[in-house]
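Reading through the structure tokens given below for one structure.
The numbers here are math on the coordinates, done by the rules we state, and not lab data. Owing to the predicted nature of the structure, the values given are computational and were not obtained by experimental measurement. Using ideal geometry, Cβ is built from the backbone for each residue, glycine included, and neighbour counts are taken over all protein chains shown.
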Amino acid sequence: MMMKTSSGDTYQAIYAIVVRIPFGFVATYGQIALLAGYPGCARQAGYALAALENNSSIPWHRVVNARGCISPRSNDGLGGLAQRSLLEAEDVCFDDRERIDLKRFQWRVVMSGDKKIE
DNA sequence: CATTTGACATCTT
DNA sequence: TAAGATGCCAAAT
């Protein structure tokens, strides 16, 4: 059973980044982890999203892996079909391989010192 | 305190 | 380009 009352810091940091993803754009787990201040902790980003509740206000559907496709989850056999629908609703196009063109839809942020500008 | 796990990333074949 | 193997780090048990 996963404890929802985690330490908080890492998860909260990741959530804060995911919420900042603009409409119609997506970000990779590694990028989120990096922006959250945990470079190399891509898995933690996904783990944090996995701990999210269904009614959470976090746009978890805008988070995809480095390949630009939806990662197969373990708990749900549906495998993120809802996520794909949500992304398509945001004008995010998928190719025949169920992959997103990160060249166009990946969220780009510019790190200026300790301040990040979208 | 040590082991296992996980919505990943990156390198090599 | 696709598929397989390895490495990372933090949280949960």
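Compare the Cα positions of A:C69, A:A16, A:A48 along the charge dipole of the stretch A:1-75 (+1 at Cβ of Lys, Arg; -1 at Cβ of Asp, Glu; about the Cα centre) and return the one farthest towards the positive end. Farthest towards the positive pole: A:C69. Computed on chain A, with alpha-carbon pairs under 8 angstrom and 6+ residues apart, the relative contact order is 25 percent.
Taking a ≥ b ≥ c as the square roots of the Cα gyration tensor eigenvalues, with a/c under 1.5 meaning rounded and otherwise prolate when a/b beats b/c, else oblate, which class fits the stretch A:51-118?
The shape class here is oblate.
Distance between the C-alpha centers of the stretch A:76-118 and the stretch A:1-72? Whole Å please. Cα centroid to Cα centroid, the span is 12 Å. Highest mobility in the GNM of chain A, judged by mean-square fluctuation with C-alpha springs under 10 Å and restricted to A:L52, A:L78, A:L87, is found for A:L78.
Need one word for chain A: rounded, prolate or oblate. Basis is the Cα gyration tensor (sqrt eigenvalues a ≥ b ≥ c); a/c below 1.5 gives rounded, then a/b vs b/c decides.
Working: a/c = 1.77, a/b = 1.08, b/c = 1.64.
Judged from the Cα gyration tensor, chain A comes out oblate (a/c at least 1.5, b/c at or above a/b).
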